[in-house]
Amino acid sequence: RRTVLASAAGLALTLATPVRASAAGFGHTDDGTNHVVDTGAGLVFKVNHSNGDLSSFVYKGIEYQGYDGKNSHIESGLGASTVTVSTPATGVVLIKVVHGTLIHYYAARSGENNIYLFTYKPDTSVTASRYIARLKPGIFPTTYPDTWSNADTVIESADVFAKTDGTTRSKHFSNLRTIDYDYFGFSTSAASVWVVRSNKEKDSGGPFIRQLLRHGNESGAGLYEHLYYAEGQTEAERFGLHGPYVLAFTDGAAPTAAVSGRDNTAWVDALGLTGWTGASGRGRIVGNGLAGRDTSHPYVVGVANAEAQYWGKVDASTGKYAVTGILPGTYTLTVHTGELAVHTQA
């Protein structure tokens, strides 16, 4: 059992964000139904006053949001909520959505075509296991490994599909494990929409779980961030603040590493988010090597307790590892060979 202490003052300095000038046009207005946020860099998005839905995201003049008359939101929408807007720091607009015990945030930074999302879920009183960003049909291709066509044959429960080439698609289980990706999305040569995942500390299932990440067919497309994925789950739900996870817009390129909230969170410290712990309140575990390794296999070290989970890859040549950004607490450490747990210590 490893006890992690918050001793990351140097880390906080490393993650500090340079002072930024506000982009021309950056700010928020009100159209009578929505809070309207202009990032000043090409993205304008709207959040509904009454329910906190993300009701529009227009990137460089093109609307990408919505299919079947539905918005983007937590689950299938929270319903009546208290929605407020503020500017808690220079160059930041923050929208806060309160629904019962659940708090959801949208944040925009001047000059960035990103929507930063945070979801605080302290208990099970509000159903919230995912955020879905709905994308209009006909914009992005449906030839990804986890998309399908309406012409494909349904095998099981409208969730597993057979294609004419003999392959299948499973809506609920992506071809990517959580440890394998930082972002995913839809892309053309003109524009791309990405979800950059959170650090998953409040998720469940560990580094190897496969979740629903996206779907797409002729009727529309969806991008997902899961707060708790109940399909084949092996762990109890964890509670607290999820995020940031990011809806990022580009001209076709992948999102930059700086977009990830895992790499740069100093700017979030000033926002006053419920449940937020910045870099200065986190620590890390470092190992100088693992005895008895079989170097023909990859190794992963994970630490977890009832409140949080983290993991890090083991260097193939040296056996060293580092698990970073950990909340203070006492954890159980597990060593995995491939996906097999081969060592656990209390």
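Within region 106-117, take every residue that is over 30 Å from N217 (Cβ atoms) and not small (G, A, S) and give me the one that is surrounded by the most Cβ atoms within 10 Å (Cβ to Cβ).
E112
Taking region 129-161 as the search range and keeping residues that are hydroxyl-bearing (S, T, Y), in a loop (DSSP other than H, G, I, E, B) and open to solvent by 60 Å² or more (accessible area, probe 1.4 Å), which one is nearest to E307 (Cα to Cα)?
Here the answer is S157.
Among the listed residues G232, G206, G166, identify the single one that is out of contact with any His (no Cβ under 6 Å at 6 or more places or on another chain), part of a loop (DSSP other than H, G, I, E, B) and closer than 21 Å to P298 by Cβ.
Answer to the check: G206.
Among (1) out of contact with any strand residue (DSSP E or B) (no Cβ under 7 Å at 6 or more places or on another chain); (2) at positive phi, where does G275 come up short?
(1)
On the given criteria, is F173 closer than 24 Å to Y245 by Cα and in contact with an Asp or Glu (Cβ under 8 Å, 6 or more places away or on another chain)?
When the stated conditions are applied, F173 passes them.
Of the residues F118, F57, which single one is touching a strand residue (DSSP E or B) at 6+ places or on another chain (Cβ under 6 Å), more than 23 Å from T277 (Cα to Cα), assigned to a strand (DSSP E or B) and not small (G, A, S)?
F57
Would you point out which residue out of T164, T188, T178 is open to solvent by 60 Å² or more (accessible area, probe 1.4 Å) and among the hydroxyl-bearing types (S, T, Y)?
The conditions single out T164.
When you go through (1) outside any strand (DSSP E or B); (2) over 23 Å from Y228 (Cα atoms); (3) of a type in the set (A, V, I, L, M, F, W, C); (4) open to solvent by less than 50 Å² (accessible area, probe 1.4 Å) one by one for V126, which number turns out not to apply?
(2)
Return the residues of region 317-330 that are open to solvent by less than 60 Å² (accessible area, probe 1.4 Å), more than 17 Å from H343 (Cβ to Cβ) and not in a strand (DSSP E or B); say none if nothing qualifies.
L327 - this is the single residue of region 317-330 that is open to solvent by less than 60 Å² (accessible area, probe 1.4 Å), more than 17 Å from H343 (Cβ to Cβ) and not in a strand (DSSP E or B).
Got a number for residues in region 225-262 being surrounded by fewer than 20 Cβ atoms within 10 Å (Cβ to Cβ), closer than 21 Å to R177 by Cα and modelled with pLDDT of 90 or more?
Summing the residues that are surrounded by fewer than 20 Cβ atoms within 10 Å (Cβ to Cβ), closer than 21 Å to R177 by Cα and modelled with pLDDT of 90 or more in region 225-262 gives 3.
Quick one: would you say I103 is of a type in the set (V, I, T), within 24 Å of K136 (Cβ to Cβ) and either open to solvent by less than 10 Å² (accessible area, probe 1.4 Å) or in contact (Cβ under 8 Å) with a residue 40 or more places away in the chain (or both)?
no
Filter region 290-316 for residues that are part of a loop (DSSP other than H, G, I, E, B) and open to solvent by less than 60 Å² (accessible area, probe 1.4 Å) and give the result.
L290, R293, N305, A308, V314
Of the residues S72, S56, S86, S81, which is in contact with a Gly (Cβ under 6 Å, 6 or more places away or on another chain) and either at pLDDT 95 or above or basic (K, R) (or both)?
S81
Within region 210-254, how many residues are closer than 22 Å to G66 by Cβ and among the acidic types (D, E)?
3
Which pairs have Cβ atoms under 6 Å, sit 6 or more apart or on different chains, and link a residue in region 263-289 that is within 19 Å of S86 (Cα to Cα) and buried (at least 20 other Cβ atoms within 10 Å of the Cβ) to one that is at pLDDT below 95 and of a type in the set (S, T, N, Q)?
From residues that are within 19 Å of S86 (Cα to Cα) and buried (at least 20 other Cβ atoms within 10 Å of the Cβ), the pairs are W267/T17.
As an exercise: evaluate V195 against (1) more than 21 Å from W311 (Cβ to Cβ); (2) crowded, with 19+ Cβ neighbours inside 10 Å; (3) under 15 Å from the mean Cα position of the chain (by Cα) and give the number of the one condition it does not meet.
Here V195 meets the rest and fails (1).
Can you name every residue in region 261-304 that is more than 30 Å from K96 (Cβ to Cβ), hydroxyl-bearing (S, T, Y) and touching a Gly at 6+ places or on another chain (Cβ under 8 Å)?
Correct list: Y299 only.
Kindly provide the set of residues from region 209-220 that are assigned to a strand (DSSP E or B) and open to solvent by 10 Å² or more (accessible area, probe 1.4 Å), ordered by number.
R214, H215, N217
The values are calculated or read from the model by the stated rules, or taken from the named source; none is laboratory data. Because the structure is predicted, anything quoted here is derived from the model rather than measured. When we count neighbours, we look across all protein chains shown, and the Cβ atoms used for this are built from the backbone with ideal geometry, even at glycine. These accessible areas exclude ligands, DNA and RNA; they are computed on the full protein's heavy atoms, side chains included. Shrake-Rupley method; radii C 1.70, N 1.55, O 1.52, S 1.80 Å.
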